[in-house]
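Here the structure comes first, spelled out in structure tokens, and everything after it is commentary.
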Amino acid sequence: MLRRHRPRHRAPRVSPSIALRTSLSPALLSLFDAVPDAVTVLDRHGRILEANAAACISLGRERDELLGLTVYDLNPDIPRDRIEQVIRDHADGAPFVHETVNLRVDGTPFPVEVHSRVFVVDGEPRVIAVARDTSQRVAAEAELRASEARYRQLLQAMDQGVLVHDVDGNVLSANPSACRILQRSEAQLRDPRTRPRNWDFIDEHGAAVDPADLPAARAAREARPIEATTLGVFDRDGERSLWITVTATPQFRDGEETPFQVITTLSDVTALKRDSDLFQRVQLLARIGGWDWEITSRRMYWTAPLYRMLDHDPQAEVQIDTLLAHVREQDRPQVEIALRDAAALGHSFDLECRVITGRGRHRWARLIGQALLREGQVFRVNGTLQDITRDKLLEETLRQQALTDPLTGLPNRDAIIERISSSLDPGQPARGPTVLHVDLDRFKVVNDLLGHQGGDTLLRAAGERLARAVREDGSVARMGGDEFLVLLPEGGRPLAQKVAERITRAFDDAFDHAGEEFSITTSVGIACYPEDGTTLQQLLQSADAAMFEAKRRGRNTWQAFNPALARQISDKLLVETQLRRALENREFHLVYQPQVALDSGSMHSVEALLRWNNRVLGPMRPDIFIPYAETTGDIVRIGAFVIREACRQLKQWRAQGLALQRVAVNVSFRQFLSEDFDEQVLAALAEHGLPGDSLELEITERVLIDDAADTLNTLRRLKAQGIVISIDDFGEGYSALNYLRRLPIDAIKISHGFMREIPASEADAVVCRSIIQIARGLGLTVIGEGVETHAQRLFLLEHGADLAQGYLFSRPVAADELVGYAPPPGLAARATTQAA
């Protein structure tokens, strides 16, 4: 043991370099010096403890000179604690690589790639570094980049087009000459949508060439160069023909036999081919024929493709009358006028007409012509005739698709509006069409139960029943949603009533879906021209009003428009007209009804209620004017006023010492679904310095049903600001229970329709008790509306409701009357007795 420790005591008297070298065998030392890369051994301070012969040569220094230096002498840019950091980060002995710069003895820098490793000698960490001079590699890389730059410059300067494709035919790059020849930008050539399907190709013999047999595709597939190939090209987008020669060369990676890309070179040789038969074949492929008219002799020259397009004997002489004879009689006048103006006035023309070929085929053609002048006088007119039948058929198909409802296959709103408009004939005021507006009753209930897919299935079935009921008497169209329109071109009111009866009977049988039966009925409104409207808008409006009257009468019936409904429309227009100016004329004001605590009768909050006193119509009830405001969209502006005014008043009350938790405001579904609704709310609160929980927004179940996804997003944004959300008139709809589980609702208000008969009506009492239990189970506040008797209050208190409002506590009053509010006499005493 003593002998093992003696060297350790003597170590300080020997330099680390000598100790390291003496610890190595002669064989290892020889191997050390034989390494062709520079090898150095460093201590934690960066001192060079050992260096091999290659290091001395690389750095231009003797070994003894190197052993007196540090790596920081060789590279002053290295941080002074670099080696200590390396030892800390790589103490596990794992090799690592980095690149840096060393200095030769003359100060010349040179790049090196250093492979290093940390090891320990006599308890001291050392770093062995093998540095490889990368000057030649760096120079080679720089030369490669310069070579690539020169290659790109060469491509840019070449007059020949160059395209680079991948093996799937996608264009990776194109030089300017290729773009010029093909008349496409590089971005367009690289776009997959402009691949060869936008061009037609033929070979030297006039045979069509499939895109899969083009030179680039063959070179990729056959892994060999495809020498100069002549191709005729028709550019369908630019409507131009050209000839090109193409050479395609596949490119391979080292050691691979499958190409990874293809380089195509191409030249424009159109000028060499313009007068040849091949060029005519390109025209034929593009369904374009050329013509030339000698005005003085009326003789014409047609190219071979034009003879073929018109099925005309290629040996027969042709004149201008020959061409006109092929034009359909209905279109001939416009062609004659165009030719005459070209010959007499030098005008050019571009028109579409229908032609009949020698075999009796009916085709669409595009006729283009221009005049040639000599000394200011027209002596010839020439041009082209192109077969555009395929494009016309496609246009017609797209037009039909644009006029067809994709779900039911019936005509859509645009189609039926067009048909109604064309059937209105001011020249025959006593005769005209009849319009039936058909709405599926309570379809949203079924749609909510089945989901959109099931609802779509029922809509298709409903469209089929309507079509069978209308028969050949008229046409059926889907307006959107669950609304349909029926057009009866003639027959008047008697036929319309028969068709309406057939429609209602057609829905007597339930719809079967997934083994379940669903009953859907219809409400039908009838409007006849001219007594119910002389314009399209009047007819649609009258049919719509009649349909709503049918719904009001109980659904599953039809209603013809009548003078009473006409008065309703007149009244509606009057109200809507006055509504548009009511806000600017300051005709709206708010009244407030307290919401009180059921146990104490103390005022907890208030509900803001809108009132309208019009200068023409006088005081208007909210249940009359608010539906009109929702229909016109004015409710959005009016609702924003209500929120701002309610916030202003709450701030004033609090300044007067009135302790109110919040003010509640009713929100229309139209207002709630506007894009900036949440911004309006937050702006009103910020304007008056109120926190979010100072405002309660009362929404109806319709808001939840009409746009559930947007509803959820808006509610979450409002809730995040502390705003209280409650559902007004809860229980009158049919969907709210489905949404309570996932929407951020704070409270529900039991509809006064249920409260009216409580506690006498056991059915209403059961419903109210169920609502309260569900709400309390979900942690929601329950507010009873329309509370007018002590018995109703005690019922709500007994079953766990929280708040109430109604005439028992206070009628809606002006803002200044609320400051001195006190519970009605005896109310607090009753609450105490009940609690006991």
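A few notes on this one:
- Among residues of region 32-85, those that are free of Cβ contacts under 8 Å to residues at least 40 places away in the same chain, of a type in the set (D, E, K, R) and within 18 Å of Val120 (Cα to Cα), counted: 3
- The one condition in (1) free of Cβ contacts under 8 Å to residues at least 24 places away in the same chain; (2) under 26 Å from Thr711 (Cβ atoms); (3) surrounded by 15 or more Cβ atoms within 10 Å (Cβ to Cβ) that Asp764 fails to fulfil: (2)
- Unique match (being outside any strand (DSSP E or B), in contact with a Cys (Cβ under 7 Å, 6 or more places away or on another chain), touching a residue at least 24 places away in the same chain (Cβ under 8 Å) and buried (at least 17 other Cβ atoms within 10 Å of the Cβ)) among Leu650, Leu690, Leu660: Leu690
- Among the residues of region 350-382, the ones that are exposed (fewer than 12 other Cβ atoms within 10 Å of the Cβ) and aliphatic (A, V, I, L, M) come to 1 in all.
- All of (1) farther than 30 Å from Gln792 by Cβ; (2) of a type in the set (Ser, Thr, Tyr); (3) in contact (Cβ under 8 Å) with a residue 60 or more places away in the chain hold for Thr631 with one exception: (3).
Here is a yes/no grid of residues against (1) exposed (fewer than 13 other Cβ atoms within 10 Å of the Cβ); (2) closer than 22 Å to Pro433 by Cβ; (3) at pLDDT 85 or above:
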| site | (1), (2), (3) |
| --- | --- |
| Gln541 | no, yes, yes |
| Ala546 | no, yes, yes |
| Ala550 | no, yes, yes |
| Gln568 | no, no, no |
| Leu573 | yes, no, no |
| Glu584 | yes, no, yes |
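- From the list Thr408, Thr389, Thr384, Thr404, the one residue that fits, being under 30 Å from Leu536 (Cβ atoms) and either free of Cβ contacts under 8 Å to residues at least 40 places away in the same chain or assigned by TED's automatic domain parsing to the domain that holds Asp341 (or both), is Thr404.
- Summed over region 770-794, residues that are surrounded by fewer than 20 Cβ atoms within 10 Å (Cβ to Cβ) and part of a helix (DSSP H, G or I) total 8.
- In region 295-307, residue modelled with the lowest pLDDT [restricted to those that are hydroxyl-bearing (Ser, Thr, Tyr) and under 22 Å from Ile356 (Cβ atoms)]: Thr303
- Selection status of Arg8, among the charged types (D, E, K, R) and modelled with pLDDT of 80 or more: no
- Pair list, Cβ < 8 Å and 6+ apart or interchain, from region 557-581 residues that are among the basic types (Lys, Arg) to residues that are surrounded by 15 or more Cβ atoms within 10 Å (Cβ to Cβ): Lys572/Tyr628; Arg580/Thr632; Arg580/Asp634
- Which numbered condition Ala655 fails, given (1) over 43 Å from the mean Cα position of the chain (by Cα); (2) surrounded by 21 or more Cβ atoms within 10 Å (Cβ to Cβ); (3) under 19 Å from Leu690 (Cβ atoms): (2)
- Residues that are touching a Lys or Arg at 6+ places or on another chain (Cβ under 8 Å) and modelled with pLDDT of 95 or more do not occur anywhere in region 671-682.
- Residues of region 97-111 satisfying the condition of being touching a helix residue (DSSP H, G or I) at 6+ places or on another chain (Cβ under 8 Å) and either surrounded by 16 or more Cβ atoms within 10 Å (Cβ to Cβ) or in a strand (DSSP E or B) (or both): Asn102, Leu103, Phe110, Pro111
- Output for region 809-824, where each listed residue is among the aliphatic types (A, V, I, L, M) and surrounded by 19 or more Cβ atoms within 10 Å (Cβ to Cβ): Ala815, Leu818
- Looking across region 718-747, just one residue is modelled with pLDDT of 85 or more, assigned to a helix (DSSP H, G or I) and exposed (fewer than 15 other Cβ atoms within 10 Å of the Cβ), and that is Ala720.
- Note on region 548-636: enclosed strands (runs of 3 or more DSSP E) holding 2 or more residues that are within 25 Å of Asp532 (Cβ to Cβ) are 557-560.
- Single condition Asp33 does not satisfy, out of (1) buried (at least 18 other Cβ atoms within 10 Å of the Cβ); (2) at pLDDT below 85: (1)
- Leu339 meets each of the listed conditions (1) more than 25 Å from Ser297 (Cβ to Cβ); (2) in contact (Cβ under 8 Å) with a residue 40 or more places away in the chain; (3) assigned to a helix (DSSP H, G or I) apart from (1).
- Selection status of Leu778, under 51 Å from the mean Cα position of the chain (by Cα), closer than 19 Å to Glu696 by Cα and assigned by TED's automatic domain parsing to the domain that holds Pro594: yes
- Flag for Val86 being within 60 Å of the chain's Cα centre (by Cα), surrounded by 16 or more Cβ atoms within 10 Å (Cβ to Cβ) and under 19 Å from Val112 (Cβ atoms): yes
- Among the residues making up region 308-325, those that are in contact with a Gly (Cβ under 8 Å, 6 or more places away or on another chain) and modelled with pLDDT of 90 or more are Leu310, Asp311, His312, Asp313.
- In region 243-294, the residues that are surrounded by 15 or more Cβ atoms within 10 Å (Cβ to Cβ) and at pLDDT below 80: Thr270, Lys273, Leu278, Phe279, Gln280, Arg281, Val282, Gln283, Leu284, Leu285, Ala286, Arg287
- Number of the condition not met by Gln593 [criteria: (1) more than 26 Å from Arg637 (Cβ to Cβ); (2) surrounded by 18 or more Cβ atoms within 10 Å (Cβ to Cβ)]: (1)
- Any hit, region 432-448, residues being touching a residue at least 12 places away in the same chain (Cβ under 8 Å), under 30 Å from Trp291 (Cβ atoms) and surrounded by fewer than 16 Cβ atoms within 10 Å (Cβ to Cβ): no
- Among the residues listed as Leu495, Leu488, the single one being buried (at least 21 other Cβ atoms within 10 Å of the Cβ), among the hydrophobic types (A, V, I, L, M, F, W, C) and in contact with a strand residue (DSSP E or B) (Cβ under 9 Å, 6 or more places away or on another chain): Leu488
- When region 205-228 is limited to residues that are surrounded by 14 or more Cβ atoms within 10 Å (Cβ to Cβ), in contact with a helix residue (DSSP H, G or I) (Cβ under 8 Å, 6 or more places away or on another chain) and in contact (Cβ under 8 Å) with a residue 24 or more places away in the chain, the one that is farthest from Phe252 (Cα to Cα) turns out to be Gly206.
The values are calculated or read from the model by the stated rules, or taken from the named source; none is laboratory data. None of the values given here were measured: they were computed from a predicted structure. Every residue, glycine as well, gets a Cβ built from its backbone with ideal geometry; the counts of neighbours run over all protein chains shown.
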